[in-house]
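What follows is a set of notes on a single structure, which appears directly below.
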Amino acid sequence: MSIAAQFEPGQLLPAQYEALSRVSRAISKYRDQKELFRVLADELRPAVNFNFLAVLFYNETLDKIHTPVIEVIAGHGFAFPPDFPANETITWWVWQHQEPVVIPSRDEETRFPRVMELFRTYGVQSACILPLSTALRRLGSLVFALEQPHGYPEHDVRYLSLIADQVALALDNAQRHEEQRQSAEQLRKQKAHFEQLFELAPEAIVLRDSENRVLRTNREFTKLFGFSPEESVGKNISELIVPEERWRESERLRDALNRGERVNAELVRQRKDGTLLDVSFRAAPVSLDGGPPEIYGVYQDITERKRAERALRRSEAYLAEGQRMSHTGSWARSVSSSEVFLSQESFRIFGFDPATTHPTLEIVLNRTHPEDRDGLAETITRAIRDRSDFEHHFRIILDDGSIRHIHTLGHPVTNCASELVEFVGTHMDITAPHQARVALENAFEEIKTLKEQLYQENVALRQEIDETSMFEEIVGKSEVLRNVLRQVESIAPTESTVLINGETGTGKELVARAIHNLSPRRYQAFVKLNCASIPTGLLESELFGHEKGAFTGAIAQRIGRFELARHGTIFLDEIGEIPLEMQPKLLRVLQEREFERLGSSRTLRSEARLIAATNRDLAKMVEQQTFRADLFYRLNVIPILLPPLRERPEDVPLLVQHFAELFSRRMGKSIHTIPSETMSALVHYDWPGNVRELQNVIERAIILSKGSVLKVAARDLATAKKPVRTHKTEVAGKNPLKNGAVPFPDREQVLEALKTSGGKVGGTHGAAARLGMKRTTLIAHMKRLGIAPRTVISHF
């Protein structure tokens with residue numbers, strides 16, 4: 001039976017009063033929580049039924065329930081699991097509402113299901129949980145529990161509430177006593193630590209009053225300035241360590257401190273031995289218990305740092321100047337933030353303003369040329385992925401639109417955990433070297449082109465020399481030839497296109513070369529091409545050139561004839577043989593001065609003058625639509641008609657003599673005499689092959705002649721198909737030549753023969769032999785011309 005069942009409601013048993021009295025005495029006697037709780041449990045057993053007695057504290061900040069003390073009369077104990085939510089406990093509810101909670105029976109209780117599970121685990125049937133609170137704070141709950149149901153009626157709860165109030169005061173006093181003890185201990189430790197820190201601090205510390213007198217110094221002050229505590233205390237700090245010239249500065253700092261300001265400055269101070277040093281000075285006023293403020297000052301020797309800073313500034317200046325002179329800037333980039341740090345030279349290279357630009361990787365990429373942006377981003381991504389060095393060349397576009405070429409190097413930097421932190425590297429402005437290299441490459445390319453052009457010109461010239469060495473000059477003094485030469489002399493200085501018409505072998509190329517040699521272009525190239533000798537498929541390549549791989553067999557670049565001629569003259573022989581499909585391209589060169597090599601889209605220009613030659617009737621070809629009319633009219637600006645050799649027989653003797661001397665010298669023979677019969681046969685021959693045929697006949701005769709007399713085989717000359725018309729020379733009213741005779745040489749020809757023979761008329765080396773005449777005939781002719789051999793000899 002419970003105590004409450006033995007008395008009227010509202011009344012307390014003497015044992016209960018006695019228990020309250022003993023609880024009050026224990027509160028004033030014990031301060032340790034565990035000891036106090038053990039005594040309370042012993043004192044309460046006679047007055048209160050319980051199997052479990054516990055104190056549970058609730059920490060609102062941590063939202064945790066903890067049980068500092070628990071007393072178990074019977075059973076296996078009681079404890080909350082570590083992960084038990086605080087808001088599901090009865091203690092949390094009691095702490096929040098400050099009302100007791102009575103659990104008559106765990107099987108009937110529904111408000112705290114998880115706590116009831118613990119009751120079943122530990123054998124608790126009923127309980128009374130009372131708030132532990134004082135006027136100043138809430139602590140938690142006091143728990144009484146029984147292994148029997150309905151153990152705590154209402155009047156017992158009121159009595160237990162009185163006990164809870166007493167226990168709350170006891171626990172609060174115990175906690176306050178513990179807190180005071182801990183505070184005192186903490187203060188003692190802090191003071192000891194302060195004293196130790198003051199003495200062992202790595203900086204020099206000075207405590208002084210508002211009058212600047214030293215109150216206390218530490219060991220480092222003595223070590224730094226050389227003054228012992230006995231020499232320092234009571235002295236004016238300025239008189240100890242401030243150089244005389246710095247006193248005004250020291251007073252300004254002192255006034256600031258007296259105004260309650262903090263001071264942080266770098267100063268120059270003086271040691272006991274008079275040497276100066278750089279120090280950092282930090283000071284603040286401190287007032288304790290409302291007394292006058294005291295100044296704590298901290299000095300740190302920064303002499304080495306200042307020296308290092310000065311050296312660093314010099315190094316930075318040298319580095320900045322070196323970077324400026326070498327156009328090389330340094331950089332660093334954070335991998336995590338993409339923030340970029342640039343040197344002054346890097347800012348200049350990229351055209352950034354250091355005052356307004358905070359560079360990032362995105363800003364640098366935006367400055368990059370659009371064609372190089374993806375490549376730079378890919379290089380950076382690959383370097384981050386592989387943690388590798390990288391080297392990259394890219395272009396940037398400045399605000400003014402100019403382009404710079406940048407060469408950058410990067411190196412990864414990792415921390416102690418092998419994590420990639422940043423990249424460091426250099427930027428080099430290689431615009432000038434790049435431009436120089438491009439200019440050099442262009443120069444080399446131009447040199448290569450000029451070299452190839454010179455080579456091709458050399459080949460062309462050698463070919464021309466080989467093929468035209470026999471036509472070193474135009475030989476002949478006939479009137480028709482003189483008319484042609486006068487026409488050549490007139491048109492040579494012009495830039496007009498010339499079309500030379502004439503039979504094969506009449507010397508069209510010699511006339512073309514004469515036009516070139518008499519023109520302002522004589523110092524430029526003379527390039528020729530026989531259009532009939534080049535296959536149709538290769539003619540375009542010969543004229544305009546081709547690139548390597550332009551067609552099958554094009555294993556190298558080839559320069560065309562128009563490109564070789566450039567500012568010179570191009571001679572196209574047999575132009576009537578150019579196929580129709582090629583003629584528009586030739587017309588374009590003549591009109592626009594433009595063309596392209598085969599396999600190239602690059603347009604080239606040629607200022608070459610065109611001289612064309614043909615033995616065909618181009619006008620008739622235009623009528624037959626085998627030659628373009630527009631090209632014909634463009635070619636036929638200045639036409640020249642070369643007469644065939646049969647129309648100028650008076651030039652045959654001169655040509656014979658010219659070729660005989662030429663081939664004799666070339667073959668090492670001495671041909672001095674040309675029989676008159678031979679010369680007559682040569683003059684009367686029709687020469688369908690013109691001068692070229694005559695050249696071949698004389699060359700063959702020189703080869704076959706054994707002595708000094710030129711012998712022409714009869715088979716070399718065919719019978720003329722038509723009679724050669726005679727030329728009449730009237731001298732003194734007589735006509736000494738009969739039809740079919742060899743025409744007499746004129747005065748100049750006779751004088752030239754006499755000059756060559758040294759004045760001799762007869763003999764194998766005389767003038768008569770050279771002119772193909774009899775000695776007596778020449779003497780008679782000389783008399784008619786008024787030429788005396790002696791006069792000729794004395795004249796020469």
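Note that segment 167-287, at 37 °C in a medium of 0.692 mPa s, gets a Stokes-Einstein diffusion coefficient of 196 µm²/s from its Kirkwood radius over C-alpha pairs.
For segment 233-284 versus segment 354-400, the spacing of their alpha-carbon centroids is 51 Å. Rounded to the nearest 10 degrees, the angle from helix 113-122 to the longest Cα principal axis of the chain is 60 degrees. Size of segment 587-714: Rg and Dmax of its alpha carbons, in Å, are 22.2, 64. Taking the Cα centre of the chain as origin and assigning +1 to Lys and Arg Cβ atoms and -1 to Asp and Glu Cβ atoms, the resulting dipole is close to 6960 debye.
Need one number: nm distance between label points at Gln344 and Thr381, each 7 Å from Cα along Cα→Cβ, rounded to one decimal. Here the answer is 3.8 nm between the modelled labels.
The C-alpha atoms of segment 59-169 occupy a region whose extents along the principal axes are 36, 35, 26 Å, arranged from largest to smallest. Axis of helix 508-518 versus longest Cα principal axis of the chain: the two differ by about 70°, to the nearest ten degrees.
Each of Gly505, Pro412, Phe394 was scored by the projection of its Cα onto the charge dipole of the chain, and the greatest displacement toward the positive side belongs to Gly505; charges sit on the C-beta of Lys, Arg, Asp and Glu. What you get for segment 183-227, charging only the Cβ of Lys and Arg (+1) and of Asp and Glu (-1), is a dipole of about 80 debye around the Cα centre. Take every pair of alpha-carbon atoms less than 8 Å apart whose residues are at least six positions apart; their mean separation over the length of the chain yields a relative contact order of 6 percent. With r as the distance between the Cβ atoms of Ser533 and Ser708 and R0 = 30 Å, compute the FRET efficiency 1/(1 + (r/R0)^6) and round to 0.05. Computed FRET efficiency for Ser708 and Ser533 comes out at 0.20.
Convex hull volume of the C-alpha atoms in the chain, normalised per residue: 413 Å³. Magnitude of the charge dipole for segment 323-440, about its Cα centre and with charges confined to Cβ atoms of Lys, Arg (+1) and Asp, Glu (-1), is about 220 debye. Rounded to the nearest 10 degrees, the angle from helix 154-200 to the longest Cα principal axis of the chain is 50 degrees.
Site pair Arg588 and Glu245 shows an inter-label distance of 8.6 nm when each label is modelled 7 Å from Cα along Cα→Cβ. Peptides 778-788, 36-46 ranked from most to least packed by the mean count of surrounding Cβ atoms within 10 Å: 36-46, 778-788.
Relative contact order of segment 554-642, taken over Cα pairs closer than 8 Å and 6 or more residues apart, is 35 percent. Helix content alone sets the calculated 222 nm mean residue ellipticity of the chain: runs of n ≥ 4 DSSP H residues at -39500 (n - 2.57) each, divided across all residues, give -13500 deg cm²/dmol. Quick one: if the Förster radius is 51 Å, what FRET efficiency do Lys306 and Gln180 give, using the C-beta to C-beta distance and rounding to 0.05? Working from the Cβ atoms, E equals 0.55.
Leaving out ligands, DNA and RNA, and with a 1.4 Å probe, what % of the accessible surface on the chain is carbon or sulfur? The partial results should precede the final answer.
On the way: 22300 of 43240 Å².
Carbon-and-sulfur percentage of accessible area, whole number: 52.
The mean sequence separation of alpha-carbon pairs under 8 Å and at least six residues apart, normalised by the residue count of segment 180-285, gives a relative contact order of 18 percent. If you take the alpha carbon atoms of segment 301-388 and fit the smallest convex hull around them, that volume is 150 Å³ per residue.
Taking a temperature of 4 °C and a viscosity of 1.567 mPa s, what whole-number D in µm²/s does Stokes-Einstein yield for segment 112-164 with Rh from Kirkwood over alpha carbon pairs?
Once the numbers are plugged in, D ends up at 107 µm²/s.
Residue separation of Thr356 and Asp107 scaled by 0.36 nm, minus their Cα-Cα distance, works out to 82.0 nm of gained length. Along its first, second and third principal axes, ordered by size, segment 573-648 spans 50, 27, 20 Å in Cα coordinates. Rounded to the nearest whole Hz, the Karplus-based 3J(HN,Hα) values (6.51 cos²θ - 1.76 cosθ + 1.60, θ = phi - 60°) of segment 266-272 follow the sequence 10, 10, 10, 10, 10, 7, 4, with x at glycine and proline. The Cα atoms of segment 321-360 define a convex hull whose projected area, averaged across directions, is 2.8 nm². Which one of Gln300, Val167, Ser343 has its Cα pushed farthest toward the positive end of the charge dipole of the chain, where Lys and Arg give +1 and Asp and Glu give -1 at the Cβ? It is Ser343. The Rg/Rh ratio of segment 135-233, with both radii computed over alpha carbons and Rh defined as the Kirkwood radius, is 1.48.
Excluding ligands, DNA and RNA, the accessible surface per residue across the chain is 54 Å² with a 1.4 Å probe.
The values are calculated or read from the model by the stated rules, or taken from the named source; none is laboratory data. The structure presented is a predicted model; accordingly, all values stated were derived computationally and were not measured. All Cβ positions, glycine included, derive from the backbone under ideal geometry; neighbour counts span all protein chains shown. Heads up: the accessible areas ignore ligands, DNA and RNA and are worked out on the full protein's heavy atoms, side chains in. Shrake-Rupley method; radii C 1.70, N 1.55, O 1.52, S 1.80 Å.
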